[in-house]
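Enquirer: Below is the structure I would like to discuss, written out as structure tokens.
The values are calculated or read from the model by the stated rules, or taken from the named source; none is laboratory data. Since this is a predicted model, take the numbers as computed values, not measurements. Note that we place each Cβ from the backbone using ideal geometry, even for glycine, and neighbour counts take in every protein chain shown. Areas reflect the complete protein model, heavy atoms only, side chains present, ligands, DNA and RNA absent. Shrake-Rupley method; radii C 1.70, N 1.55, O 1.52, S 1.80 Å.
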Amino acid sequence: MITVAAVDDDPLVLQGLPAWLAPADTGLVVVDLAQSVDELLQGRGRGADVVLLDVWLGDGSAVGDNVRAVTAAGPAVVTISTQDVTDLIVESIEAGALSYVHKSLDPTEIRNAVRAAAIGHKFMTPALAFALRSDRRPTRPSLSLQETESLRLYASGLRMTDVARRLGVKPSTAKGYLDRVRAKYDDAGRAARTKLDLRERALEDGILRPSPALGPRAIRRIPS
């Protein structure tokens, strides 16, 4: 059983959330509903496994501060909204949220995001992937199509020779793509020296969708 709480300043959303998110036999149970993070942290929601947090609350609080406050108390965070505002989505992820979902998304996908967050996994939704790809700040390096695909394949666990075969190029060419990827991340001040580093960057930037069967520990066992 996964316990879920929610923070949203729309009373109608809060009232309908238990039936919408956690009907019978889903393995999810809503334990608290709050209209602010302060209210959540003073109630049962503080002990929830996962908190659904609206990125834009009417009290003027910053989503990054809200995510950090909730995660510091223990719960994992999945942010939500009716409007896909890139800056707010990226801010929430950088602050520690494990996913972002649009409120209109199929409830099954939202439940999947909650289940992933409950075990510490990121979950890539279409809205989150679009926001991460649309972020053009200096810390988000601009990769060519070949560099992006080589990063995705290599970070997914393939050997360099397999990456080259998938791309239809020589291993030396594939290595050149990845060397440029590492250099661009280094220039942006983000570690990208090891295969695990590259996997983390690919997950953060929406290039790689996480797989429960291949977590960070598993990739340590994959030869480069």
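Enquirer: Is it true that M124 is surrounded by 15 or more Cβ atoms within 10 Å (Cβ to Cβ), in contact with a Pro (Cβ under 8 Å, 6 or more places away or on another chain), over 25 Å from A76 (Cβ atoms) and among the hydrophobic types (A, V, I, L, M, F, W, C)? Spell out the reasoning first.
Expert: Working: surrounded by 15 or more Cβ atoms within 10 Å (Cβ to Cβ): yes; in contact with a Pro (Cβ under 8 Å, 6 or more places away or on another chain): yes; over 25 Å from A76 (Cβ atoms): no; among the hydrophobic types (A, V, I, L, M, F, W, C): yes.
Here the answer is no, as M124 does not meet what is asked.
Enquirer: Checking A95 against (1) surrounded by 15 or more Cβ atoms within 10 Å (Cβ to Cβ); (2) modelled with pLDDT of 90 or more; (3) hydrophobic (A, V, I, L, M, F, W, C): exactly one of these is not met. Which one?
Expert: Condition not satisfied by A95: (2).
Enquirer: Among the residues that make up the range 180-202, is at least one of them buried (at least 20 other Cβ atoms within 10 Å of the Cβ) and over 22 Å from the mean Cα position of the chain (by Cα)?
Expert: No, the range 180-202 contains no residue that is buried (at least 20 other Cβ atoms within 10 Å of the Cβ) and over 22 Å from the mean Cα position of the chain (by Cα).
Enquirer: Identify, from the list T139, T71, the residue that is open to solvent by 30 Å² or more (accessible area, probe 1.4 Å), within 27 Å of Y177 (Cβ to Cβ) and of a type in the set (V, I, T). Can you show your working first?
Expert: Numbers: T71 fails: within 27 Å of Y177 (Cβ to Cβ).
None of the other options fit; the residue is T139.
Enquirer: Can you find a residue that is of a type in the set (G, A, S) and farther than 11 Å from A131 by Cβ anywhere in the range 86-94? Spell out how you get there, then give the answer.
Expert: Filtering the range 86-94 for residues of a type in the set (G, A, S) gives 92.
Next, only the ones that are farther than 11 Å from A131 by Cβ stay: none.
Within the range 86-94, none of the residues are of a type in the set (G, A, S) and farther than 11 Å from A131 by Cβ.
To keep it simple, each residue is scored yes or no on (1) free of Cβ contacts under 8 Å to residues at least 40 places away in the same chain; (2) part of a helix (DSSP H, G or I).
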| position | (1), (2) |
| --- | --- |
| T108 | yes, yes |
| A116 | no, yes |
| K122 | no, no |
| S142 | no, no |
| L153 | yes, yes |
| R165 | yes, yes |
